[in-house]
1. Would you call GLY402 closer than 17 Å to ASP462 by Cβ and either modelled with pLDDT of 95 or more or open to solvent by less than 30 Å² (accessible area, probe 1.4 Å) (or both)?
2. Considering ALA29, ALA20, ALA10, ALA25, which residue is within 16 Å of ligand 2 (Cβ to nearest atom) and touching a Ser or Thr at 6+ places or on another chain (Cβ under 6 Å)?
3. Please work out which residue is nearest to ligand 1 (Cβ to nearest atom), limiting yourself to the range 15-54 and to residues that are in contact with a strand residue (DSSP E or B) (Cβ under 7 Å, 6 or more places away or on another chain) and polar (S, T, N, Q).
4. Run down LEU274, LEU297, LEU288 and say which single residue is in contact (Cβ under 8 Å) with a residue 40 or more places away in the chain and surrounded by fewer than 23 Cβ atoms within 10 Å (Cβ to Cβ).
5. Within the range 418-432, how many residues are among the small types (Gly, Ala, Ser) and surrounded by 18 or more Cβ atoms within 10 Å (Cβ to Cβ)?
6. Among the strands (runs of 3 or more DSSP E) lying completely within the range 325-386, list those that include at least 3 residues that are away from ligand 2 (no atom under 16 Å from the Cβ), in contact with a helix residue (DSSP H, G or I) (Cβ under 8 Å, 6 or more places away or on another chain) and not polar (S, T, N, Q).
7. Which of the helices (runs of 4 or more DSSP H) found entirely inside the range 194-285 contain at least 1 residues meeting this: within 16 Å of ligand 2 (Cβ to nearest atom), under 17 Å from the mean Cα position of the chain (by Cα) and of a type in the set (Ser, Thr, Tyr)?
8. On the given criteria, is ALA437 farther than 23 Å from SER270 by Cβ, free of Cβ contacts under 8 Å to residues at least 12 places away in the same chain, assigned to a helix (DSSP H, G or I) and away from ligand 2 (no atom under 14 Å from the Cβ)?
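The values are calculated or read from the model by the stated rules, or taken from the named source; none is laboratory data. All of these numbers come straight from a predicted model, not from anything done at the bench. Counting neighbours? That spans all protein chains shown, and the Cβs are built from the backbone with ideal geometry, glycine included. Ligands, DNA and RNA are stripped out before the accessible areas are found, and what is left, the full protein with its side chains, is counted by its heavy atoms. Shrake-Rupley method; radii C 1.70, N 1.55, O 1.52, S 1.80 Å.
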Amino acid sequence: MRVLSVASEAAGLVKTGGLADVAAALPAALAAQGVEVTTFVPGYPAVLARLGKKAKAVHSWDALLGAPARLLAGKLGAHPLLVLDAPALFNREGGPYGDASGRDWDDNWRRFAALARAAADIAGGAAKGLAFDLVHAHDWQAGLLPAYLRLAPLAGGCIVPSVMTIHNMAFQGYFPAEVFPELGLPPSAWSVDGVESYGGVGFLKAGMQLADAITTVSPTYAGEIRSVEFGMGLEGLVLARSNRVHGILNGIDTMEWNPASDPHLAANFSVGKLAARVRNKRAVEAALGLTRDDGPLFVVISRLTWQKGMDVLSGVLDHLVGIGARLALLGTGDAEIEAAFGAAATRHPGRIGVRIGYHEPLAHLMQGGGDAILLPSRFEPCGLTQLYGLAYGCVPVVSRTGGLADTVIDANPAALAAGVATGVQMNAVSHNALALAVSRTVQLYGDKPQWKRLQKNAMKADFSWGASGAAYAALYRQLIEEQG
Ligand code: ADP
Ligand code: GLC
């Protein structure tokens, strides 16, 4: 089975969040199931640089959404990679979605419509020698792909089924109606059964409407998006297609995230050699300017946004320091939240260390050296940093939502007695709930044998891709059979 997986980021090439980790991990996860995944990403400068001279042009377009483009073939690790080289759309300084100041590009609708149009052509058989049985579209950036396949397929091309995965309902790729005539879709696509959404064009909505199956990245989030609070305007569509909605938990790439072999750690360790962790703790303290101390060290590795509850956390820091804990934070995001953490670090020198920025090696080191990782998210489709925390014995302290609810077992008395607890959960994010969760964690940390048991349970939990890879493969097979 050959699957074309279309995403706007993939770890190793370009990454702003968990989507990149998942897109990059899927090929290996599915190879184990007998599925060959080809990843298709835009040709941002960093991607083209990675591709290097080995890249081969395998197809070209004179005008893809108006822009000349080439299809380049290369490798993502051991797996096939396709890159859309359209300089007018993707060759610019800044991030994948906006300029260096974080402002979205005005032509994002055109950039990602081009990605989807190209993918639909490839799936139809436009590029000689490339054939696929199914396409897998990730997030709004690939959302128009199911629409093109259904409503404007390549003339004479093959028809393949599609899967639309929602990694985050908060980002819907919503654009004004004026862009519709430019998309190359038939006028009939301008309908509630097509790409129209609340009077504009909804890229994610289009994918959810027209894909053969919708998946999201945890069972709990798959249920949550049926409600107004989490569905963010698309809950009606989720309900209408509920027999087509599946929650499949993300796994982690156990090659990239393995404490026994992680090259970014000061000391490697495993469940039987937890004592070596302390060297990583010392390294985190040094990196973040924290006092050296054996008390509890919380870490945060996150986008600093409302979704992640970071505004609430910034208000709980005096409490956290007051009960003898420290915090090491790595992240970027909203200017106001960044400033609040900066101010807390100034108020509590040596107790709160803040690094504003994106730093992959430091993210690994902090998982290896922190005692507990905080995720007070208001919503969390899956969340990967709690899974990395589990694998690294950095006990997750999470809100009970989405994938966080599905992956962490709260250290309540029953779970502790049964010896199955792996972390700490809190109810809906509020100042009090978070302060209480921090206090409970510090208390648990104070009981050394109990804390060690918690860490060991966490590290033994299996969040590799095995089960989820099998679930995707089964879904692909079912859709191909239905179509057949
Ligand atoms: P989301 O995709 O919503 O941001 P996830 O938990 O799914 O959340 O994935 C976040 C990914 O980004 C993880 O791999 C995490 O380690 C990484 N990450 C987040 N912020 C930073 C940062 N400032 N530096 C390095 N890695 C980061
Ligand atoms: C999104 C979500 C996050 C999820 C990631 C990968 O960015 O916010 O919860 O883990 O996608 O699926």
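1. When the stated conditions are applied, GLY402 does not pass them.
2. So the residue among ALA29, ALA20, ALA10, ALA25 that is within 16 Å of ligand 2 (Cβ to nearest atom) and touching a Ser or Thr at 6+ places or on another chain (Cβ under 6 Å) is ALA10.
3. My answer is THR39.
4. LEU274
5. So the answer is 2.
6. By residue number, 326-333, 352-356.
7. It comes to 219-224.
8. no
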